[in-house]
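K.L.:
Sending over a structure as structure tokens; questions will come in a sec.
The values are calculated or read from the model by the stated rules, or taken from the named source; none is laboratory data. Because the structure is predicted, anything quoted here is derived from the model rather than measured. Backbone-built Cβ (ideal geometry, glycine too); neighbour counts: all protein chains shown.
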Amino acid sequence: MRRFNTQKQTRKPVNDFAARRKVLLAFMLGGMALLVGRAFDLQVLNKQFLKQQGDMRHVSEVAVSAYRGMILDRNDEPLAISSPVESAWVNPMELAEVAPSDIKQVEQLLGLSEGKIAKLIIPGSKRQFVYVKRRINPDLAERVKMLSIKGVYFDREFKRYYPAGPISAQLVGFTNIDDVGQEGIELAYESLLKGVTGRKRVIRDGKRQIIADIEAIKAPVNGQNIKLSIDERIQYIAYRELQAGVIENQADAGALVLLDAKTGEVLANVNYPSFNPNMPTGTNKGAFRNRGLTDLFEPGSTVKPFVIAAALQGDFIKEGIKIETDGAYRVGRNVVKDIHNYGTMDLTQVLKKSSNVATSKVALTMPPKYFWGFYHRLGFGVSAGLDFPGEANGSLLDYHRWNNFAQATLSFGYGVNTSVLQLARAYTALADDGVLHSISLLKRDEDSDAKRVFSSKTAKQIRSMLEHVVMQDGTAYLARVDGYRVAGKTGTVRKAGAGGYKEKKYLSVFVGMAPASNPRLVMAVMVDEPKAGKYYGGLVSGPVFSKVMEGALRVMGVAQDQVETMPLLLSNKTVQ
Amino acid sequence: MNVVKIKVLLMMGLVVGLLGSALAVIYSKYQSRLLFIEIQKQERELDRYEVEWGQLQLELTTLAEENRVEQIAREKLRLVLPQREAIIYIKP
């Protein structure tokens, strides 16, 4: 550097470089003119052509659809599966340049009526996207793609299949054509199931087909699987028997809920009438409703065991008490009646014969606040908190507004509204020795939210009384299950409607548990308006209970406990 | 003199380094293209398998559907639930 500097210093200043400057300027001017000319050429003269060429080699972003999670039963049997399908759409503006014979070919392959695509081409129309056929078999889509016709595209979509069909339709729900949950679990767990659509950048060719992926912008996140507490095998048995029961009794509808008595899981939840969730359109909207969870009714006599339990627990009556009934009982200005005059009854007979008079008398021994609190703790008027769409809260009259007659009617199940599920939940307290369980539609190993509502002793007392209900002279002999001890209670409820209680419109209810020595399952069955003659809970719902319970106990592998009636009992020593 | 020599050597070294890295870039770009093509191929394959898996799963659930199983068991294989009296219980 130093040397260079010294050289420069020794040079003499030169002044005249005019010629060089001109050459240089001319060069620069020429270069500029060339650039402007080229820019003009590109921007103005060839714009149309270049733009088209650019669009052809278009780099664009496309969505990568994510799988919707499966809905599984407790044994991983799928209740809802998504399977990829293709949806065909066209760009009418581009179709204008396609030969009519090609369009006809596409119509034929897709099974569309002739001219269906062709008539979408309207000169001057700016439409660029029309679905022509959604959710077609991927193989068929492949065949149409092979024709590589401009303006015909396919999008990956998912079709939801429900292998169980109508059996679990109201519980699982269904999705609409855009794969968004509309009912049931599909709706309740939409955010977990749906997953997140990804995006990727792609290069398209002149026919706008994707020829290469450039990069993934965002990977798709598949939806989560939801594992329900439902056992599909029990669900099937329950649906079959409920359907048979509803049809045989010419009833309007039926609902059934089966709970695990130890964990509070819902093992079966079926409703009839049902629908095919694979094609839900055109179904009577009433069939969409999960009656067992969303519909309220007055539970009638099925609450009577709780009245006795409350009185025993609070020491308002003794176990050996005898109650005079006389067939009728005056409470204030009203009269509570029984169907027959049962005379003097003990507590077992009260439940066995379902005496309104006796339960009213028992109920009126208790202060309203205590009685109300007992019902409230059993979950009457309290939602089961499943987050199921349309799930019922139920209702229970506030005790400040009670008079004696209201308290008496509450004791035989009027003035309180409950769903089939809530009724079954209340019975878990009897089944699990006084512990009321929270309810779950998702599989779990134990109930972390169980709470004791009465003592184990009370629960066992009531249970042994309820075993008499299914004996030969009880109200629900048909609800018995061979080989198992069953405890349960019938309810035959007058339906309330506009203008009060209806004549000859009944709900037939049966709630029970088995095996009574150590209940594993609790089931509530409700049949709405049987019209074939029989309407007593024990005659209509009892047989359904019996068959479903028998099947469920077998599926669950529950050991028989009716030891004394077993046909043959061998000990290890006698088996050779 | 020495300084010039060092500079020339340094320059040559840098040129060689530059050439080397340029070639390395070309090579790795080439490799990445190859890998990308491979990835795409595998992804297409994966996609195809996923479609097939979905269909097989559907087929399986359709075939194993309770209603169908029961019908075959009862009608074709003539299976019945044994009468309670016919069961011998063994209690240890």
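K.L.:
Looking only at segment A:26-78, count how many residues are aromatic (Phe, Trp, Tyr) and within 14 Å of chain B (Cβ to nearest Cβ).
P.N.:
Residues in segment A:26-78 being aromatic (Phe, Trp, Tyr) and within 14 Å of chain B (Cβ to nearest Cβ): 1 in total.
K.L.:
Which is among the acidic types (Asp, Glu) and touching a Gly at 6+ places or on another chain (Cβ under 7 Å), of A:114, A:94?
P.N.:
On inspection, the qualifying residue turns out to be A:94.
K.L.:
Quick check on this structure: which one of A:438, A:464 is over 15 Å from residue A:513 (Cβ atoms) and assigned by TED's automatic domain parsing to the domain that holds residue A:270?
P.N.:
A:438
K.L.:
Still on this structure: Please go through segment A:224-258 and pick out each residue that is assigned to a strand (DSSP E or B), under 16 Å from the mean Cα position of the chain (by Cα) and surrounded by 21 or more Cβ atoms within 10 Å (Cβ to Cβ).
P.N.:
A:226, A:228, A:255, A:256, A:257, A:258 - these are the residues of segment A:224-258 that are assigned to a strand (DSSP E or B), under 16 Å from the mean Cα position of the chain (by Cα) and surrounded by 21 or more Cβ atoms within 10 Å (Cβ to Cβ).
K.L.:
Another question, if that's okay. Filter segment A:39-69 for residues that are out of contact with any Lys or Arg (no Cβ under 9 Å at 6 or more places or on another chain) and under 30 Å from residue B:54 (Cβ atoms) and give the result.
P.N.:
A:67
K.L.:
For segment B:70-82, which residues satisfy the criterion of being more than 9 Å from chain A (Cβ to nearest Cβ) and not in a loop (DSSP other than H, G, I, E, B)?
P.N.:
Those that are more than 9 Å from chain A (Cβ to nearest Cβ) and not in a loop (DSSP other than H, G, I, E, B): B:71, B:72, B:73, B:74, B:75, B:76.
K.L.:
Anything in segment A:420-442 that is touching a Gly at 6+ places or on another chain (Cβ under 6 Å), surrounded by 24 or more Cβ atoms within 10 Å (Cβ to Cβ) and of a type in the set (Gly, Ala, Ser)? List them, or say none.
P.N.:
A:426 - this is the single residue of segment A:420-442 that is touching a Gly at 6+ places or on another chain (Cβ under 6 Å), surrounded by 24 or more Cβ atoms within 10 Å (Cβ to Cβ) and of a type in the set (Gly, Ala, Ser).
K.L.:
What residue, of B:84, B:74, B:68, is of a type outside the set (S, T, N, Q), modelled with pLDDT under 85 and on the phi < 0 side of the Ramachandran plot?
P.N.:
Step by step, each of B:84, B:74, B:68 is checked, and only B:84 is of a type outside the set (S, T, N, Q), modelled with pLDDT under 85 and on the phi < 0 side of the Ramachandran plot.
K.L.:
So, restricting to helices (runs of 4 or more DSSP H) that lie completely within segment A:1-95, which ones have at least 3 residues that are at pLDDT 85 or above and surrounded by 10 or more Cβ atoms within 10 Å (Cβ to Cβ)?
P.N.:
Passing ranges, in order: A:18-40.
K.L.:
Right, here's the next one. Of everything in segment A:163-185, what is under 30 Å from residue A:90 (Cα atoms) and hydroxyl-bearing (Ser, Thr, Tyr)? Give them in sequence order.
P.N.:
Matches in segment A:163-185: A:175 only.
K.L.:
Limited to segment A:156-178, what total is found for residues that are more than 14 Å from chain B (Cβ to nearest Cβ) and over 22 Å from residue A:266 (Cβ atoms)?
P.N.:
Here the count works out to 3.
K.L.:
If you go through segment A:193-212 one residue at a time, do you hit one that is within 13 Å of another protein chain (Cβ to nearest Cβ), part of a strand (DSSP E or B) and without any contact (Cβ under 8 Å) to a residue 24 or more places away in the chain?
P.N.:
Yes, the conditions are met somewhere in segment A:193-212.
K.L.:
For segment A:271-295, enumerate the residues that are touching a residue at least 40 places away in the same chain (Cβ under 8 Å) and either in the same structural domain as residue A:79 (by TED's automatic domain parsing) or closer than 20 Å to residue A:507 by Cβ (or both).
P.N.:
A:271, A:274, A:287, A:289, A:290, A:291, A:292, A:293, A:294, A:295
Residue-wise test of (1) in the same structural domain as residue A:154 (by TED's automatic domain parsing); (2) more than 37 Å from the chain's Cα centre (by Cα); (3) surrounded by 16 or more Cβ atoms within 10 Å (Cβ to Cβ); (4) not in a helix (DSSP H, G or I).
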site: A:98; (1), (2), (3), (4): yes, yes, yes, yes
site: A:101; (1), (2), (3), (4): yes, yes, no, no
site: A:105; (1), (2), (3), (4): yes, yes, no, no
site: A:108; (1), (2), (3), (4): yes, yes, no, no
site: A:119; (1), (2), (3), (4): no, yes, no, no
site: A:122; (1), (2), (3), (4): no, yes, no, yes
site: A:132; (1), (2), (3), (4): yes, no, yes, yes
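K.L.:
Given the criteria within 14 Å of chain B (Cβ to nearest Cβ), farther than 21 Å from residue A:221 by Cα, β-branched (Val, Ile, Thr) and touching a helix residue (DSSP H, G or I) at 6+ places or on another chain (Cβ under 8 Å), does residue A:136 qualify?
P.N.:
yes
K.L.:
Then there is this: Assuming residue A:302 fulfils every condition listed in (1) hydroxyl-bearing (Ser, Thr, Tyr); (2) at pLDDT 90 or above; (3) farther than 30 Å from residue A:235 by Cβ apart from one, which condition is it?
P.N.:
Unmet for residue A:302, out of (1) hydroxyl-bearing (Ser, Thr, Tyr); (2) at pLDDT 90 or above; (3) farther than 30 Å from residue A:235 by Cβ: (3).
K.L.:
Out of curiosity, is residue A:250 within 19 Å of residue A:287 (Cβ to Cβ) and either among the small types (Gly, Ala, Ser) or away from every other protein chain (no Cβ under 14 Å) (or both)?
P.N.:
So residue A:250 passes the test.
K.L.:
Pick from B:85, B:50, B:45: which is in a helix (DSSP H, G or I), at the interface with chain A (Cβ under 8 Å from one of its Cβ atoms), out of contact with any Ser or Thr (no Cβ under 9 Å at 6 or more places or on another chain) and closer than 19 Å to residue A:138 by Cα?
P.N.:
One residue alone meets the criteria, B:50.
K.L.:
Here is a list of conditions, (1) surrounded by 12 or more Cβ atoms within 10 Å (Cβ to Cβ); (2) out of contact with any strand residue (DSSP E or B) (no Cβ under 7 Å at 6 or more places or on another chain); (3) within 12 Å of chain B (Cβ to nearest Cβ), and residue A:150 meets all of them except one; can you say which number that is?
P.N.:
(3)
K.L.:
Does any residue of segment A:215-228 turn out to be within 14 Å of another protein chain (Cβ to nearest Cβ) and basic (Lys, Arg)?
P.N.:
No, every residue in segment A:215-228 fails to be within 14 Å of another protein chain (Cβ to nearest Cβ) and basic (Lys, Arg).
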